[in-house]
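Working notes for the structure below.
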Amino acid sequence: MSLSHTAAEYMLSDALLPDPGGSRAKGLRLELPSDRLLKFVTVGLPLFLVSLAFAREFSAGSQISCFSPTNFTGKQSAYVDTACWDSLLHHGFDTEGHAVTKSLWALKVFPYSLLVVAVLMYLPYLLWRYAAAPALHSDLLFIIDELDKSYNRSVRLVQHMRKVQQASAEPERFWEEYERARRERYFEFPLLERYLTCKQHAHSLVFIYILRNLLLLLFLAATCLYLVFLHLNIFFQDEFSCSIKTGLLQEEPHIPPLIPCKLVFFSVFQLISLSVGGVYVLLMPVVIYNALQLCQWDKGLLSVYEMLPAFDLLSRKMLTCPVNDLNVILLFLRANISELTSFSRLNAVSALREATANKEDIDTVIDFMTLLAGLETTKPKP
């Protein structure tokens, strides 16, 4: 008998979670994997393509090629290229023969507009980092620590129950006290459960998270509309007629009124705009999916912890509308599941409980560990 008791004590001692060696604060992830991917693509893609555009500009030299008259010298041809690149005005005629001008200035500022796009895409993540991440960090630290402590308290409770049962002269009396304690919720963890209930009625984190996704969706849509505008108005015109008869050259008779020019970098800008627009269109459903995650509860994590005695946030129907801070915290707890050591232990116990024959006698981790400790031999059968 002493050998079995010693084995049970060792087994229950091994079930206790060790104290975390390092600080959990450094290892917590304050961004969901999908949000991190969105940030990497939406901010990194325009920056990468802009760098390619600038590299192309520096390596190729002039971005415009004008067909100057044959009697122009080399310096005069260079002046024509510079003047037409500075103006970027297309001089043409409408259907009625009237002279019209069309500005192509957007082509010159296109690389810089992509830099503005990258900055705009980073603004939602700055909002989350400074407005919500500090509060979320504190919530995650407290909840993870309390969940692990609740598991350890359950194991220590089993150890105490086992010692009381061994010292009890009347086993039936022991089990009566145990059932009464469960009915009166002496085993509950009120601080953690009430804290989660309080977070269920708070909406600051969920408001910032939804605002972040709405801003990102708005910037994605605005960028796509901007690129569509460029394609419809400018990106189908790689040749234009330039006039340099201005200023001191206005009265020169040997200068033609219009000089045809061609944009050298036109195909590169077309490829860049199509790449950015296509990727951003594909990312819009991802942003919408991230926001729609808050429309349903992630009950898998809390359902495992309901094995702890009197931890019944789900069974008491306390989870109502999912659009609240508690649902956001559950999403980030799932992303930080590696920091939650007790989850893997309880998940394994839950799997063993499903494989147990007499499952009707097991509804909490206390019951399961009681059976493991060998107390079921003295528990009176109904």
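Within the stretch 319-337, the set of residues being closer than 10 Å to Val206 by Cβ and of a type outside the set (A, V, I, L, M, F, W, C) comprises Pro322, Asn324, Asp325, Asn327. Considering only residues in the stretch 197-227 that are of a type outside the set (A, V, I, L, M), in a helix (DSSP H, G or I) and more than 22 Å from Pro46 (Cβ to Cβ), the one that is most open to solvent (accessible area, probe 1.4 Å) turns out to be Phe207. Looking only at residues of the stretch 132-170 that are of a type in the set (S, T, N, Q) and touching a helix residue (DSSP H, G or I) at 6+ places or on another chain (Cβ under 9 Å), we find that the one that is nearest to Ala202 (Cα to Cα) is Ser150. With respect to (1) touching a His at 6+ places or on another chain (Cβ under 7 Å); (2) surrounded by fewer than 17 Cβ atoms within 10 Å (Cβ to Cβ), the lone exception for Asp325 is condition (2).
In this structure, is Gly74 over 17 Å from His254 (Cα atoms) and either surrounded by fewer than 16 Cβ atoms within 10 Å (Cβ to Cβ) or modelled with pLDDT under 75 (or both)?
No: the conditions fail for Gly74.
Restricting to the stretch 124-150, name every residue that is open to solvent by 40 Å² or more (accessible area, probe 1.4 Å) and either more than 28 Å from the chain's Cα centre (by Cα) or of a type in the set (Val, Ile, Thr) (or both). Listed by number, the list holds a single entry, Lys149.
Which one of Arg334, Arg316 is at pLDDT below 80 and among the charged types (D, E, K, R)?
Residue meeting the stated conditions: Arg316.
None of Asp94, Asp81 is acidic (Asp, Glu), modelled with pLDDT under 85 and surrounded by 14 or more Cβ atoms within 10 Å (Cβ to Cβ) except Asp81.
Condition check ((1) in contact (Cβ under 8 Å) with a residue 12 or more places away in the chain; (2) open to solvent by less than 10 Å² (accessible area, probe 1.4 Å); (3) not basic (Lys, Arg)) across all residues:
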position: Val100; (1), (2), (3): no, no, yes
position: Val109; (1), (2), (3): no, no, yes
position: Val119; (1), (2), (3): no, no, yes
position: Asn152; (1), (2), (3): yes, no, yes
position: Val158; (1), (2), (3): yes, yes, yes
position: Lys163; (1), (2), (3): no, no, no
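The values are calculated or read from the model by the stated rules, or taken from the named source; none is laboratory data. The structure presented is a predicted model; accordingly, all values stated were derived computationally and were not measured. Counting neighbours? That spans all protein chains shown, and the Cβs are built from the backbone with ideal geometry, glycine included. For the accessible areas, the whole protein counts, side chains as well, though only heavy atoms, and no ligand, DNA or RNA atoms are used. Shrake-Rupley method; radii C 1.70, N 1.55, O 1.52, S 1.80 Å.
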